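The values are calculated or read from the model by the stated rules, or taken from the named source; none is laboratory data. Not measured: the values here are computed from a predicted model. A quick note on method: Cβ atoms are made from the backbone with ideal geometry, for glycine too, and the neighbour counts reach across all protein chains shown.
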Amino acid sequence: MAAASTCDSVHTLPKNVVIKTEPEAEDVSVKREPVVPLIAPVSGLQPLSWSQDHRLAVCTSSSLAVMELVCDVHNNKQDLTLHRTSIPVPAEEYKLRVGPSVELSEAMVKFATHPDPTVRQAFLADSVINPSVGVHKGIKYASWSPLGCDSSGRCLLACLTLDHRLTIHNSHKRLEWNTLVDLTKKYSERLKERNYARKDDKLPQTNLQDFDELQRRFRMQTPLRMEWSSIYTIKQVQPDNTGVDLEMVLLAVLMENGDLVLWKFVLPFTDGADVTFYDTIESGVTRPSDLAWWEYENADRRMSGLIVGSEVGPVKIMPVSLSGVKGYFTLRHPVILWKECDEIAVENLKCVPMIHPIHKSSCSLIVASRGCYVFWCLLVISPAGLNVHNSHVAGLHSLPVVSLAVSQQGVAVYTCSTDGWIKKLTPTFTESTLIFKQEEMMRPENLTGRRIHGIAVSRNGAYIALVSTQGMVDGYHPVNRTYQVHFVTLKTPEAAAALLLRSPTQNLYKMADLLDLVRWQILKNKSIPASLQDELDQKIREADSPYLWRFKLFLVRILHQSLQSPNTENNWKPAKEGSKVFIRDAEEEDGEDKEGAVKEEGEPGGEKLEKEENQEEQRAEVQAWMNTVETHLMRENMKKVLGVVYLNTWLAENISIPTCGLVEYLSKDTNDRASEVLIGHIKNKMNKQTFSERCSLCQDVLPFTDHKQTMCKNGHMWLRCALSYQACQTLTFRRCLLLDSIARLPEPEEKRGVALRRLQITRVRLCL
């Protein structure tokens, strides 16, 4: 049922209104440096996409530019730290295969000169079928998978080019991108094996000489959009009849004919041969335009579907059947969200899971842009069934909405039009519908008067990224149009710190965008806010969690960096050789000596020396503070490692963990009662057995004198794993880019045991 159209009503809200978003400090829009220039024009209708691992993908005509936001603890500059990589557009032209090449060539000649003008014009105007129109180069769309899909626990990237090539990529060592699989080619081969039959295996009655059949074969394999599902856990039966939990993710691809093709990826996904075709869903939507996943979860019940929008106007949800997923239910039939065919295209489809504050139940908010309007739909599942409330928000922009982004943290919808105006919509709940509070974002002065092509919001809503034109230079339009990516803050550092303190994820890496705002504030003020420090200490006293200690260590490290003197030397410049001698006149030398003497007399040397001494004392205090927090975290990690050893003493000879060295290190602190109890249990259980580490080169004993490295008597030095404190005696290992720590590669469960493998795949203790 459709609710009445509701718009902004800030001053007179109903009494039963409950605002979903929690109260926060007033957000301030501040443009951060640097501004990233693009080497090619942007392409695609939605050129920006921000991943869950803090990487921003920008679609351009020559490549897919990727910028990773890194919260660097070794950098004392206030600018954002961005790692830039790119995926180039393939140089070779890709052609869809719809049948034998001879038969296709004959069909092209026939329809290019067809006597019926309606058939001939339809053929000549179709950029997919007609090769004479020309193929555009560039990226059409990019979509990020959930976090934890590739071999390193990060996101996979699905990339769709303008010549309809759909590929899956992963980042190797953060420096390069590998193409794992070409799904367009894989699906084309599948269709060829099935003789281009429909889903019901009914073979086509005509060949390529029929124009309708030619159109059908092209449209059934021309991708328009693709979106990833969330991660599902399924049971797989092994040959010995034992069940193993596997994680999988689905990629839904919307074809031009309205079909939804689902691909299954078993995680972690490393080989393109492992991707399997899952299902094809016939949506029946004519002229489809956009796609989004709808996923509902309440207690042990889960449902999902695919939201399909059309260029004609209707929006509907198609059921998706998932077998083997515990607690999963399937919709009985498609759900119509909007049925009016008003020729207003549906674009920028987004779906956000929410909790209804009045009914205390799970619900979903679906938003999309339709021309100058924003379409919204609220789905609420009650004992009576699925309730649908929908309407439009009008009066936002005078020009069509070109981009729409949703912030998951404190749900808010951001829209922008080509004139550069950005609006913020905050949903407000009533008993039966929604009211949106409209706000106009304050734009920095240097962003006014520019054409905005797209926006995207970071994972936790700390930043909004905008891609725009360069704008006018000295009152004139530039000869060559250039494009830039800007980063604007959406939250204040105080609001970001409050969210970090009450984070439910307890993971600093997942909150890196909020963490960067706090880092920026400390570097500017050269101090940790007193309110933040007091609240953090209070929470540590209440709940002594490693997350809070890591947060505290991060703050102290940034404070230590802010006190460092800036580096004025250019490291890229070659050093002057000492052998070169420059001959100057004696008069010039005497003049310089006099100037230097006058300058020294003018400077108050005593005050300058006292200031340097105070700074040095402050740096020493912060360094001691940092060492104390690091020692606490390291000792807690050692206890964790020894706890794993205590539960797996039957594997002690194989795990090669320096148990005796860890015991001696922890025994130095006589005030740690928990360590004494753990050490006593380990000594009793191991029954005076010692399994010493051996050097792989000389088989000599490796002593435990340092938690970072070890050296045998013959001078062979090995780095120690930051997770298990084992000596890394292999040629390959993992390295932390922020702290330069290393970790051993996880080994198979049958060799080291499940507990040890879990220990090897955790995060570095002293890192984010």
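Run down Val518, Val485 and say which single residue is under 30 Å from Val406 (Cβ atoms) and in contact with a strand residue (DSSP E or B) (Cβ under 8 Å, 6 or more places away or on another chain). From the options Val518, Val485, the qualifying one is Val485.
Surrounded by fewer than 18 Cβ atoms within 10 Å (Cβ to Cβ), acidic (Asp, Glu) and assigned to a strand (DSSP E or B): does that describe Glu439? So Glu439 fits the description; yes. Considering only residues that are of a type in the set (Ser, Thr, Tyr) and either in a helix (DSSP H, G or I) or surrounded by 13 or more Cβ atoms within 10 Å (Cβ to Cβ) (or both), which ones fall in the range 196-240? Within the range 196-240, Tyr196, Thr222, Ser229, Ser230, Tyr232 qualify. The set of residues from the range 668-719 being part of a helix (DSSP H, G or I) and of a type outside the set (D, E, K, R) comprises Ala674, Ser675, Val677, Leu678, Ile679, Gly680, His681, Ile682, Asn684, Met686.
Conditions (1) more than 17 Å from the chain's Cα centre (by Cα); (2) assigned to a loop (DSSP other than H, G, I, E, B); (3) under 30 Å from Leu563 (Cβ atoms), marked per residue:
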position	(1), (2), (3)
Ile464	no, no, no
Gly471	yes, yes, no
Val479	yes, yes, no
Asp513	no, no, yes
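Among residues that are buried (at least 17 other Cβ atoms within 10 Å of the Cβ) and not charged (D, E, K, R), Ala91 is not included.
Taken over the range 60-80, the criterion of being modelled with pLDDT of 95 or more and either within 16 Å of the chain's Cα centre (by Cα) or at positive phi (or both) is satisfied by Leu64, Ala65, Val66, Met67, Glu68, Leu69. Condition check: farther than 18 Å from Glu295 by Cα and in contact (Cβ under 8 Å) with a residue 12 or more places away in the chain. Does Ser369 satisfy that? Taking the combined requirement at face value, the residue satisfies it.
Just one of the listed residues (Leu404, Leu379) is in contact with a His (Cβ under 9 Å, 6 or more places away or on another chain), part of a strand (DSSP E or B), more than 19 Å from Thr489 (Cβ to Cβ) and of a type outside the set (Lys, Arg), namely Leu379. Within the range 225-238, at least one residue is modelled with pLDDT under 95 and charged (D, E, K, R). When residues in the range 382-393 are screened for being closer than 18 Å to Ile317 by Cβ and either touching a helix residue (DSSP H, G or I) at 6+ places or on another chain (Cβ under 8 Å) or surrounded by 17 or more Cβ atoms within 10 Å (Cβ to Cβ) (or both), 4 of them pass. What number of residues in the range 277-294 are surrounded by fewer than 15 Cβ atoms within 10 Å (Cβ to Cβ) and under 28 Å from the mean Cα position of the chain (by Cα)? Selection size over the range 277-294: 1. The single condition among (1) buried (at least 18 other Cβ atoms within 10 Å of the Cβ); (2) at pLDDT below 95 that Asn507 does not meet is (1). Here the range 308-358 is the region considered, the condition is being of a type in the set (Asp, Glu) and surrounded by fewer than 20 Cβ atoms within 10 Å (Cβ to Cβ), and the residue that is nearest to Ala405 (Cα to Cα) is Glu311. Just one of (1) touching a residue at least 40 places away in the same chain (Cβ under 8 Å); (2) among the small types (Gly, Ala, Ser); (3) surrounded by fewer than 16 Cβ atoms within 10 Å (Cβ to Cβ) fails for Ser127. It is (1).
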